[in-house]
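See below for the structure under consideration.
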Amino acid sequence: MKSTLIAPSILSGDFANMGREVEGLKSAGADWVHIDVMDGIFVPNITFGFKMISDIRPHSDLTFDTHLMIDKPSRYVERFVKAGSQYVTFHLEAEPDVDGTIAIIKAAGCKCGLAINPDTDVDKLIPYLDKLDMALIMTVFPGFGGQRFIDGSLERIARAKALVKRYAPHALVEVDGGVTADNAAEIISAGADVLVAGSAVFNADDRAAAVARIRGE
């Protein structure tokens, strides 16, 4: 595994040509494909669902990192696994039965992540960390791409990394929101293992160069 994984978010891709967009990520040097699913209830935006994932799955052998920004995700997590996801991450704030949802994802043969919004105490991850494969720290409020990295997020990332080292050394820390080549080094230094980048990759004239700059190469 590379020291820092780059997971471009297809939210910033061309929806009319998503198969081609996903195909190009491997040659651009990306490690994962980040798939933002929004329901218009948990967040004020709607993106796509199971069919998008199953349709683009044949276009890439990269890890599909599905981020559910949906209300009560326990209702649907198995279907996202069956659609082709290797990681399914849901929000602590969106699910009353966190332990049960983790169990469903794991039973379906998928790795599980738990996400928290910028205004949620990082320590609320503690009861679940030993069951998780990844903790996702949001550095913008979820719902829209292209937002600016929130000040104070580096401290939250560092806290999450410290907790992961203590309770779940096998797990990754992922950071999503406002990641650019300009701030990536600080985010990595704070403890991020996986960087989600949308517009910073998809809007670049040279996507391979953009991925390399974000990774610090």
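The values are calculated or read from the model by the stated rules, or taken from the named source; none is laboratory data. What you see is a predicted model, and the numbers here were worked out from it, not measured in a lab. Methodologically, a virtual Cβ is constructed for each residue, glycine included, from the backbone with ideal geometry; neighbour enumeration extends over all protein chains shown. The area values use the complete protein model at the heavy-atom level, side chains included, leaving out ligands, DNA and RNA. Shrake-Rupley method; radii C 1.70, N 1.55, O 1.52, S 1.80 Å.
Numbers below:
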item	result
The listed residue being crowded, with 23+ Cβ neighbours inside 10 Å and part of a helix (DSSP H, G or I), out of ILE214, ILE188	ILE214
Single residue of VAL164, VAL179, VAL173 found to be buried (at least 20 other Cβ atoms within 10 Å of the Cβ) and touching an Asp or Glu at 6+ places or on another chain (Cβ under 8 Å)	VAL173
Failed criterion for ALA103 (all others in (1) without any contact (Cβ under 8 Å) to a residue 60 or more places away in the chain; (2) open to solvent by less than 40 Å² (accessible area, probe 1.4 Å); (3) of a type in the set (Gly, Ala, Ser) hold)	(2)
First in the stretch 56-73 and over 15 Å from MET138 (Cβ atoms), second anywhere and among the aromatic types (Phe, Trp, Tyr) and surrounded by fewer than 24 Cβ atoms within 10 Å (Cβ to Cβ), Cβ under 6 Å, 6 or more apart	LEU62/TRP32; THR63/TRP32; ASP71/PHE42
Extreme residue, nearest to GLY146 (Cα to Cα), among residues of the stretch 32-55 that are without any contact (Cβ under 8 Å) to a residue 40 or more places away in the chain and open to solvent by less than 20 Å² (accessible area, probe 1.4 Å)	VAL33
Residue check, GLY29 over 18 Å from the mean Cα position of the chain (by Cα), touching a residue at least 60 places away in the same chain (Cβ under 8 Å) and not in a strand (DSSP E or B)	no
2 or more residues within 24 Å of LEU62 (Cβ to Cβ) and of a type in the set (Val, Ile, Thr): qualifying strands (runs of 3 or more DSSP E) within the stretch 78-141	87-91
